[in-house]
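Data block below; observations after.
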Amino acid sequence: GENVEQHPSTLSVQEGDSAVIKCTYSDSASNYFPWYKQELGKGPQLIIDIRSNVGEKKDQRIAVTLNKTAKHFSLHITETQPEDSAVYFCAASNNRGSTLGRLYFGRGTQLTVWP
Amino acid sequence: DSGVTQTPKHLITATGQRVTLRCSPRSGDLSVYWYQQSLDQGLQFLIQYYNGEERAKGNILERFSAQQFPDLHSELNLSSLELGDSALYFCASSASTDTQYFGPGTRLTVL
């Protein structure tokens, strides 16, 4: 099955700096890559997603890039704010057979933004 | 707020017992997914239902079962509970096969 690896596991940045989280996946059939933010005591919240027919997507301070050849995708947060502090998860899925719609998650990145 | 609701928020029970976790998907979503989140395993897919029928299965234990009812709410049944079943259990729903919205979760503690 699919294997998603995520780095780094922890990331500390100063407010206003940028943060980058990287993920790799193993199954070339994967075609959907969402990112989730999870705050303490809450469920994962979808913040941005990208499909395999697109190389980059941006939503205000958040952007995601996808390199299908390298099986690599990244989350970029610019102008970080203390409220960006949370655990971020990348995930991958495909629309194929018995794994239809199932999300495979990375292990998460604890982002801390210092004021 | 994702629009997905889960009850109860917290559940404390003893080994060997059986519990039922409930999920109501977003209005109009036909797919419901169950995930388990633990410190050692991370977020793991358990099972998916689409419009009342089982669609996909992950590494779900035989002691665990789920169903989706005609009103589209879903229940996850966990039986013969063990200490290792202590975890957060999330439900997610989607209108299609990709974009999933997660509920607030049920924290299960098995003593």
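Values in this text are rule-based calculations from the coordinates and carry no lab data. This one's a predicted model, so the numbers in the text were calculated from it and none came from an experiment. Here Cβ is always computed from backbone atoms with ideal geometry, including for glycine, and neighbour counts include all displayed protein chains.
Take each residue in A:22-34, count the other chain C-beta atoms within 10 Å of its C-beta, and the mean is 1. Close amide-amide hydrogen proximity is noted between B:GLN17 and B:LEU81, each under 5 Å apart and 5 or more residues distant or on a separate chain (H modeled in the peptide plane; Pro and chain starts excluded). Extents of chain B, largest first, come to 37, 28, 25 Å (Cα atoms, principal axes, whole angstrom).
Result for chain A in a Gaussian network model with C-alpha springs under 10 Å: among A:GLN81, A:GLN60, A:GLN14, the largest mean-square fluctuation is at A:GLN60. Taken about its Cα centre, segment A:15-115 carries a charge dipole of about 560 debye when Lys and Arg each add +1 at the Cβ and Asp and Glu each add -1 at the Cβ. Across segment B:82-95, rounded Karplus estimates of 3J(HN,Hα) from the backbone phi angles (6.51 cos²θ - 1.76 cosθ + 1.60, θ = phi - 60°) give 10, 4, x, 7, 4, 4, 9, 10, 10, 10, 10, 10, 8, 8 Hz, Gly and Pro being marked x. The convex hull built on the alpha-carbon positions of segment A:24-81 has an orientation-averaged projected area of 4.7 nm². For chain A, the alpha carbon convex hull comes to 93 Å³ per residue, rounded to a whole number. Under 5 Å between amide hydrogens, built in the peptide plane, is the criterion, and for A:GLU15 it picks out A:TRP114 among residues at least 5 positions away or on other chains. Its Cα gyration tensor gives segment B:11-61 an equivalent ellipsoid, and the semi-axes of that ellipsoid, as √(5λ) in whole Å with the largest first, are 22, 15, 11.
Magnitude of the charge dipole for chain B, about its Cα centre and with charges confined to Cβ atoms of Lys, Arg (+1) and Asp, Glu (-1), is about 200 debye.
Shape verdict for the protein assembly as shown, please, from the Cα gyration tensor: rounded (a/c under 1.5), prolate (a/b greater than b/c) or oblate. Since a/c reaches 1.5 and a/b is larger than b/c, the shape of the protein assembly as shown is classed as prolate. Among the lysines, which fall within straight-line cross-link reach of A:LYS22, defined as a Cα-Cα distance under 19 Å, with same-chain neighbours fewer than 8 residues apart omitted? Within the straight-line limit of under 19 Å, A:LYS22 reaches these lysines: A:LYS37, A:LYS57, A:LYS58, A:LYS68, A:LYS71.
Here the peptides B:67-73, A:69-75 are ranked by packing, the mean other Cβ count within 10 Å, and the order with the highest first is A:69-75, B:67-73. Using a simple charge model, +1 on the beta-carbon of Lys and Arg, -1 on the beta-carbon of Asp and Glu, nothing else, what dipole does the protein assembly as shown show about its Cα centre, in debye to the nearest 20? For the protein assembly as shown, the charge dipole is close to 280 debye.
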